[in-house]
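One structure is given below, encoded as structure tokens.
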Amino acid sequence: MFGYVQLRKPELKIKDYEAYHGFYCGLCYVLRKKYGFLGQMTLTYDMTFLVILLSSVYPVPLERKRMRCVAHPGKKHLRLYNEMTEYAAHMNMILSYYHWKDDREDEASGKAWLGIKLYRGKKTRAAKEYQEQEAGMAAALERLSELERQGETDLFRLADCFGELMKVLFCYRKDAFTDYFGEIGYHLGRFIYVMDAVDDLEEDERKGRFNPLVHHRERPDFMQWVADILLDEMSAAGAAYQKLPCVEYSDILGNILYAGVWNKFDEIAQGQEKKEE
């Protein structure tokens, strides 16, 4: 369900892309250092965004190194990481475990069973330090799973569960900025849920899997209706973002929030247009 909080690369300056890539590589490095190869496999753009957002607000020392890695052995590249990177790595382990748990409940596949087995211990390690976040995410996903089992068709009620999960995830500290981070996470989470639903719609229909958009597919204005929902969520997330004192990396964050998050939707919409030609 992750991978939608991306850059719009052509619209970003070279120096900003290098910084973004540095944070992405930093998260990859910390995931490998803390949780091994399996941790590294959970690397996402979404959590890179969270690291940059937190780093833009909190004046935490940042490690800057130019290093080679297995993925890029030929040339040294910038690697940026700090305590927010470690936080994101821990959150990734919790999310990965519940991702596989959800897949197991949906399809009872052997792959999901293996994922649960591999990530259970890592989730437990991460949850020891962040019990409140783990409890909040588990509760939100349990509510979501129950609604899906009941065949809930209210898209907003379902999206709200994932919004609550992301709200908990974005609340790194309890201070004057907590509510703003929570708002960004909440609306971004709702956006991700709806985006994931429209992205998976055709496959879910074909395989007979639950998808709340199936009941709305026949609307003559379906894609515009979905676009309006997504725009409302990102407008709310953007409004909360504007309340934070983000100065450094603001060009990167703005690029993601106002352009990059639409990459997948634009791709889907273009595909629909070609089918209708």
Does Glu132 count as under 21 Å from the mean Cα position of the chain (by Cα), within 18 Å of Lys167 (Cα to Cα) and either part of a helix (DSSP H, G or I) or free of Cβ contacts under 8 Å to residues at least 60 places away in the same chain (or both)? yes
Please tell me if Arg104 is modelled with pLDDT of 90 or more, surrounded by fewer than 21 Cβ atoms within 10 Å (Cβ to Cβ) and of a type in the set (Lys, Arg). no
Out of (1) within 22 Å of Ala269 (Cα to Cα); (2) hydroxyl-bearing (Ser, Thr, Tyr); (3) surrounded by 20 or more Cβ atoms within 10 Å (Cβ to Cβ), the one Ser235 does not meet is (3)
Any residue that is within 23 Å of Asp160 (Cβ to Cβ), in contact with a Cys (Cβ under 7 Å, 6 or more places away or on another chain) and β-branched (Val, Ile, Thr) - is there at least one of those in region 207-222? no
Any chance Glu152 is acidic (Asp, Glu) and within 27 Å of Lys264 (Cβ to Cβ): yes
Looking at the structure I just gave you, is Phe210 of a type outside the set (S, T, N, Q) and under 25 Å from Ser235 (Cβ atoms)? no
Inspect region 72-94 for any residue being of a type in the set (D, E, K, R), at pLDDT below 90 and surrounded by 13 or more Cβ atoms within 10 Å (Cβ to Cβ) and give the result as yes or no. no
Across region 187-216, what is the total count of residues that are touching a residue at least 24 places away in the same chain (Cβ under 8 Å), under 28 Å from Leu257 (Cβ atoms) and touching a helix residue (DSSP H, G or I) at 6+ places or on another chain (Cβ under 8 Å)? 15
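The values are calculated or read from the model by the stated rules, or taken from the named source; none is laboratory data. Here the structure is a predicted model, which means the values were calculated and not measured. In this analysis, Cβ positions are derived from the backbone assuming ideal geometry, glycine residues included, and neighbour counts consider all displayed protein chains.
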